[in-house]
Amino acid sequence: MRLLQGLAAVALACSHVEAHWPAPGCGLPSFINCQKPLPQGQKLGGIYNLSVLTSGLDRSYLISIPPCYTSRPATPVILSYHGGTRNASYQLELDKFTNPEFNRLAIVVYPQGLDNTWQGIPGASVKANDFQFTSDILDQIEQAYCIDRSRIWASGKSDGGGFCNQLACDPVLSKRIAAFAPVSGAFYVDTLPCNANTVSLPCNPGRPNIPLLDIHGGNDTTISYDGGARKNECLPAIPHFVQQWALRDHLSLDNRTTYITNDTRLYSYGDRNEAGLVSHILDESIGHDWPSTLPNADNTQVDHVLASYNATPIILGFFKRYPLF
């Protein structure tokens with residue numbers, strides 16, 4: 001009951017951020033018809049552990065085949081990056097992108113980080129080239145499946161959210177991935193001393209008007225909402241991070257503020273056709289969690305609480321609004 005109430009509240013409060021994808025139907029418009037059946041041994045609704053040779057390393061990822069995959073029309077893809085010390089399986093259970101209640105349409109890919117973290121995070125493996133890893137995964141699945149290249153999106157939690165932002169800032173992959181949604185993102189900048197409200201945020205996207213939805217908890221004691229020094233690097237204050245994306249997308253810093261629930265606000269930047277191009281959701285009560293009104297591996301930890309809304313359907317609705325072309 002609480003899940004249904006949460007979805008209803010989100011749909012009412014932020015009508016321009018769709019609460020969920022169409023269900024139970026399988027119709028996301030696509031004009032691409034490549035007629036590729038599933039690889040041998042795979043089936044609808046299945047989850048498979050695959051590998052790809054990248055930068056001289058054999059690396060793995062999980063792939064979830066949606067219930068509505070067909071050889072036509074082409075299928076969207078979501079990349080979801082796990083948090084530090086976590087793994088691909090943990091992220092799959094956490095984000096619920098594979099839950100058919102939320103998603104029956106998109107393939108979901110869960111890359112596995114070397115040493116369970118990502119390039120650009122303090123202490124990450126010097127062997128990691130996660131930009132190339134991501135590119136090689138996309139090349140591989142585009143060969144094996146009927147993929148809609150205009151509807152490839154990226155999300156991630158914590159360190160994975162930080163890498164999601166790096167993809168948005170990358171001059172090559174930002175032209176291949178349509179929209180981005182970091183959750184509890186760790187946006188490290190290699191500089192000290194740390195002024196979290198003014199720190200320069202290096203970013204060189206390969207195209208204008210990058211759609212980005214940032215989600216964070218106000219009670220996050222791991223990646224503080226207010227930013228600050230951590231692991232000998234600097235974390236920006238989240239409002240500063242979001243505003244820099246608005247400026248990068250040439251949007252006014254005047255935002256539309258909507259209450260999703262009593263604890264949760266949606267800040268939307270942009271007007272008219274660009275309304276919500278950069279968006280930020282803040283739940284004051286939650287910590288370093290993937291927001292959910294139901295128990296998950298994050299919010300059942302000691303001193304953590306259930307969120308007042310569900311992030312997953314909001315992220316999917318945001319993605320649906322933004323094809324690459």
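A few comments on the model shown:
- Residue check for Gln243: polar (S, T, N, Q), closer than 27 Å to Leu173 by Cα and surrounded by fewer than 22 Cβ atoms within 10 Å (Cβ to Cβ): yes
- Single match in Asp226, Asp298 (criterion: part of a loop (DSSP other than H, G, I, E, B), of a type in the set (D, E, K, R) and crowded, with 17+ Cβ neighbours inside 10 Å): Asp298
- Neighbours by Cβ (under 7 Å, 6+ apart or cross-chain): first from the stretch 110-124, without any contact (Cβ under 8 Å) to a residue 40 or more places away in the chain; second hydroxyl-bearing (Ser, Thr, Tyr): Asp115/Ser125; Asn116/Thr85; Ala124/Thr117
- Output for the stretch 116-134, where each listed residue is in a loop (DSSP other than H, G, I, E, B), of a type outside the set (A, V, I, L, M, F, W, C) and closer than 24 Å to Arg176 by Cα: Thr117, Gln119, Gly120, Lys127, Asn129
Table: residues versus (1) more than 12 Å from Gly217 (Cα to Cα); (2) surrounded by 16 or more Cβ atoms within 10 Å (Cβ to Cβ); (3) at pLDDT below 95.
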residue: Asp249; (1), (2), (3): yes, yes, no
residue: Tyr259; (1), (2), (3): yes, no, no
residue: Thr264; (1), (2), (3): no, yes, no
residue: Ser268; (1), (2), (3): yes, yes, no
residue: Ile286; (1), (2), (3): no, yes, no
residue: Asp303; (1), (2), (3): yes, no, yes
residue: Thr312; (1), (2), (3): yes, yes, no
residue: Gly317; (1), (2), (3): yes, yes, no
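- Residue match in the stretch 123-132 (condition: within 19 Å of Phe319 (Cα to Cα) and modelled with pLDDT of 95 or more): no
- If the condition is being surrounded by 16 or more Cβ atoms within 10 Å (Cβ to Cβ), of a type outside the set (Lys, Arg) and at pLDDT 80 or above, then the stretch 19-41 contributes only Leu38.
- Within the stretch 57-99, being out of contact with any helix residue (DSSP H, G or I) (no Cβ under 7 Å at 6 or more places or on another chain), at pLDDT 95 or above and assigned to a loop (DSSP other than H, G, I, E, B) holds for Ile65, Pro66, Asn99.
- The stretch 267-325 - residue that is of a type in the set (A, V, I, L, M) and over 22 Å from Ser80 (Cα atoms) and, of those, nearest to the chain's Cα centre (by Cα): Ala275
- If the condition is being of a type in the set (Gly, Ala, Ser) and buried (at least 22 other Cβ atoms within 10 Å of the Cβ), then the stretch 129-160 contributes Ala154, Ser155, Gly156, Ser158, Gly160.
- Residue within the stretch 262-284 that is farther than 23 Å from Pro208 by Cα and aromatic (Phe, Trp, Tyr) present: no
- Scanning the stretch 88-121 for residues that are surrounded by 24 or more Cβ atoms within 10 Å (Cβ to Cβ) and among the acidic types (Asp, Glu) yields one hit, Asp95.
- Answer residue from the stretch 183-209, given it is among the β-branched types (Val, Ile, Thr) and surrounded by 11 or more Cβ atoms within 10 Å (Cβ to Cβ) and is farthest from Asp249 (Cα to Cα) among those: Thr191
The values are calculated or read from the model by the stated rules, or taken from the named source; none is laboratory data. All values derive from a computational prediction rather than experimental measurement. Here Cβ is always computed from backbone atoms with ideal geometry, including for glycine, and neighbour counts include all displayed protein chains.
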